[in-house]
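Visitor: Okay, here's the structure, questions in a sec.
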Amino acid sequence: GGSARARLTSRPLRPWLVAQVESGRFAGLVWDDAGRSALRIPWQHAGKAGVGGR
């Protein structure tokens, strides 16, 4: 099943995610442990003060 496009572009999530963390492209996306089994994704709740320069 799936479209030809999905078959051409899909790849396992873990290798892709590891590459994103190690690339340094996203500020705050870092390994959360020495064993590289958990990562930290910065997140600010949209309802909190300070979003959008408020």
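Visitor: Among all residue pairs at least 6 apart or on different chains, which show Cβ distances below 8 Å where the first residue, located in region 11-30, is within 19 Å of W43 (Cβ to Cβ) and the second is surrounded by 12 or more Cβ atoms within 10 Å (Cβ to Cβ) and among the charged types (D, E, K, R)?
Guide: Here the result reads G28/R40; L29/R40; V30/R40, each pair linking region 11-30 to a residue that is surrounded by 12 or more Cβ atoms within 10 Å (Cβ to Cβ) and among the charged types (D, E, K, R).
Visitor: Okay, moving on. Which one is modelled with the highest pLDDT among residues in region 2-27 that are exposed (fewer than 10 other Cβ atoms within 10 Å of the Cβ) and of a type in the set (D, E, K, R)?
Guide: This residue is R25.
Visitor: Out of the residues in region 28-47 that are touching a strand residue (DSSP E or B) at 6+ places or on another chain (Cβ under 8 Å) and exposed (fewer than 10 other Cβ atoms within 10 Å of the Cβ), which is farthest from R14 (Cα to Cα)?
Guide: G28
The values are calculated or read from the model by the stated rules, or taken from the named source; none is laboratory data. This one's a predicted model, so the numbers in the text were calculated from it and none came from an experiment. Note that we place each Cβ from the backbone using ideal geometry, even for glycine, and neighbour counts take in every protein chain shown.
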